[in-house]
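Report on the structure given below.
Please treat every number below as a calculation from the coordinates, not as lab data. Computed from a predicted structure; not experimentally measured. No Cβ is skipped: glycine too gets one built from the backbone with ideal geometry, and neighbour counts run over all protein chains shown.
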Amino acid sequence: MSCLHYSVYRGDLVMTNTLLGAAAHAGALWELLMLATDSGDTCLHMAAEYCLLPHGPGVVQALLQAADRAGALLELLLRRSGPGESCLLIAALEGSVDVVNELLEAAGPTRCELLMLTNLVGDSCLYASVEEGRVAAVRTLLEAAGPARRELLLLTNAFGRSCLHIGVEEGRVDVVQALLDAAGGAQQKRELLLLADGSGASCLYLSVERGDLAMARAHLAAAGEDAPELLMLVRNAGDTCLHASARSGRADVARALLAAAGPRRHELLVLGGRDSAGAPWVAFSVLLVAAALGSRPPTSAPILLQQPGRTLLSAPLACRSYLLCSSARGRNRPLLCLVCVCVYYCRTYYKAVRGGGRRRVDDMCYDRRLEIFRKCSL
C-alpha cells in the first residue's frame, strides 16, 4: 500500500490532505491517486470501504476533489478493484448514504454507467445494498437511477439472481417493498416478479420456501391481477411455490397462495413436474388435498388422484377416499388416507434435487405409503 492508502485506511483526513497537497503537479497527483494495492484497490476504493469512520466521508470528498484537479475523476470513479467492485458498490455495501450521494454527484452525466457497473459475479451496487439490508442506500440508488431504474432492477448476476431475489433470501420485507414500490407501474412490477433465477425460481417461490408469509403476501399484492400467472410458474425441477409450501408445512402460506389463485385454484393444485418415467409428481400435504375437496363435488377426487399418463389410484377408490374424507369431517379423523398422494412422486424430487439421506428417501417410499392408504381405507 502507498502512504496515501495508509492515511485513508486510518480515516486520517489531515494526513490525507497533506499527502494530496504534496503532489507537485497534476501528473504526480494522478499517479498517486491511481496507485493500487495487490488486491487492486485504489485509495478511493479503500475510502469507500472505511467510509463509516468518523472522518470517512471527508476523506472521500478530499479524494474526489483531488481527482477532479488531476483530471482523473471519471477514471477513478469507474475503475474497478481486483474482485471487480466499484467504489460506489463498496459504499452501498457499507450503507453510507452520504458517501453514495457524494459519488453519484461526482459522476455527473456518467451516473448511470457507474450504477450499472458490476463485480466479477455480476452483482451491482443495488444488489450489494439489498444484500446488506441497507434500505436507505437502496432508495437513494433507485432515485438516482432515474430512467435507468427499470434496467437496474432487472439486472441479474451470474446466477440469474436479481436484487429482488436476494432481498427475499435475506428476509428483508422493508427492502423488498422498497424495490417493488420503485418498479412503478403494473407492467414493470410484472416483469420484476416473473423474473426467474438460474434454477427457475421466482421471488415468490423463494419467499414461500422460507415460509415467510409477509413476504409472500407482499409479492401477491404487487402482482395484482397477474398473481395467478405468478403462482403457475414452474421451476426447472418441476415444482411450484405451492409444492414449496407443502414441503415446509406452512398451512397459512398455502391458504394465501390458494386464495390468490382464485378460479385457477384447481389448476394450481394439479400443476407439477414429471418424473423420469414421464409421469407427473405431486407434493401435496393433507391440507392442500382437503382444501381441494372441501367444497367440491366428488369428481374433484379423481382429478387429484388420477393424473394424465398414470393412474395413481382407481377412480372408484378415489371417490371412496373423497367420501371417507367427507364423512370424517367433524369427527376428528385424520386424513391419512390421502398421504400417499402427497408424497408419491416426492421421492423423485428429493433424490434428484435435494440429495436427501437414505432415511428421507425411505420415508417417501411409495409402497409404504400405499400400504398406509389401504389400511386407512378399510
Residues satisfying the stated conditions in the stretch 84-107, i.e. in contact (Cβ under 8 Å) with a residue 24 or more places away in the chain and farther than 18 Å from Asp41 by Cα:
Gly95, Ser96, Val97, Asp98, Asn101, Glu102, Leu104, Ala106, Ala107
Out of (1) surrounded by fewer than 17 Cβ atoms within 10 Å (Cβ to Cβ); (2) touching a Lys or Arg at 6+ places or on another chain (Cβ under 7 Å); (3) among the polar types (S, T, N, Q), the odd one out for Ser86 is which?
(1)
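This table checks each residue for (1) more than 23 Å from Asp239 (Cα to Cα); (2) among the β-branched types (Val, Ile, Thr); (3) in contact (Cβ under 8 Å) with a residue 40 or more places away in the chain.
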| site | (1), (2), (3) |
| --- | --- |
| Val135 | yes, yes, yes |
| Leu141 | yes, no, yes |
| Ala144 | yes, no, yes |
| Leu154 | yes, no, yes |
| Ser162 | no, no, yes |
| Val175 | yes, yes, yes |
| Leu179 | yes, no, yes |
| Gln188 | yes, no, no |
| Gly200 | no, no, no |
I need the full set of residues from the stretch 141-190 which are more than 14 Å from Tyr127 (Cα to Cα), loosely packed, with under 15 Cβ neighbours inside 10 Å and not small (Gly, Ala, Ser), in order please.
Glu143, Pro147, Asp174, Asp181, Gln187
Enumeration of residues in the stretch 1-49 that are in contact with a Gly (Cβ under 9 Å, 6 or more places away or on another chain) and in a loop (DSSP other than H, G, I, E, B)
Gly11, Ala36, Thr37, Asp38, Ser39, Gly40, Asp41
